[in-house]
1. How many nm is it between the label spots at residue 113 and residue 73, if each spot is 7 Å from the Cα in line with the beta carbon?
2. When a/c reaches 1.5 or more, the comparison of a/b and b/c decides; with that in mind, is segment 133-226 rounded, prolate or oblate per its Cα gyration tensor?
3. Let me see the pair-distance distribution of segment 88-172: every alpha carbon pair, 10 Å bin width, integer percents in order.
4. Determine the relative contact order of the chain: mean sequence separation of Cα pairs under 8 Å and six or more apart, normalised by residue count, in whole percent.
5. Run the numbers for residue 9 and residue 26: contour at 0.36 nm per residue of separation, minus the present Cα-Cα distance, in nm.
6. At a Förster distance of 30 Å, what's the computed FRET efficiency of residue 174 paired with residue 131, Cβ-Cβ distance as r, to 0.05?
7. Among 103, 65, 33, which comes first, second and so on when ranked by fewest other beta-carbon atoms within 10 Å?
8. In the chain, what % of DSSP beta bridges are antiparallel (nearest 5)?
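Each value in this text was obtained by applying a stated rule to the coordinates, not by laboratory testing. All of these numbers come straight from a predicted model, not from anything done at the bench. Neighbour counts are summed over all protein chains in view; Cβ atoms, including those assigned to glycine, are modelled from backbone coordinates with ideal geometry.
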Ligand SMILES: Nc1ncnc2c1ncn2[C@@H]1O[C@H](COP(=O)(O)OP(=O)(O)OP(=O)(O)O)[C@@H](O)[C@H]1O
Ligand SMILES: [Mg+2]
């Protein structure tokens, strides 16, 4: 079966003044469909760099990233945008919600960008997800009136609204207290089980790590353990 994500001999080098930083060094990894994986390791080990490459937000210096078997370096701008809209969902450490929009509107937003849905279809999907993440009662609240845990639940619903096959989350619990963080990971895991969505998220929190079914440890841009 085709892997959800394959990374073949990927290196990433950032220019830095007159020198350069090697953030990733010859990484080789496969992620199966439906895996719930965390990328762990100390600050600067390359977690965000790896997630940005998988999310097609950056390109490797060497090697290739495949999403569902498609080599992303071979895709044009339009195809890449479409792939990101249709296949990938993103959850960020800082939630990245739109403050002037309420919970319903924040969750609905990606569907408006993706296009092709009636307002009824959009509303049905948003309602279903608000129930799933337990935010139906907050539908009309502005995102800046919510707690950190509630904001991250909105962000999870927003990442799932387009029914992506792969969800990427860069330290989704970093701005939450540890028990809220664990609840957020439990929610992600429930979604992973019920929708067979592949999850790849980073953390340096051991409490969060123990909820993952697979831990990839990075150190200085290399895979220590997978
Ligand atoms: N845009 C950039 N320009 C130059 N160097 C960068 C850039 N982004 C990251 N780096 C460097 O690449 C290495 C890996 O960074 P990365 O952000 O991937 O680490 P991380 O594991 O996500 O760290 P953290 O836990 O602090 O978020 C670090 O040495 C970092 O300084
Ligand atoms: Mg990072």
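1. Result: 2.6 nm between the two label points.
2. Prolate shape, in that a/c is at least 1.5 and a/b is the bigger ratio.
3. Values per bin, smallest distances first: 20, 56, 23, 1.
4. It comes to 30 percent, rounded to a whole number.
5. Full-extension gain reported as 5.7 nm.
6. 0.65
7. By the 10 Å Cβ count, ascending: 33, 65, 103.
8. Taking every DSSP beta bridge with both residues in the chain, the antiparallel ones total about 55 percent.
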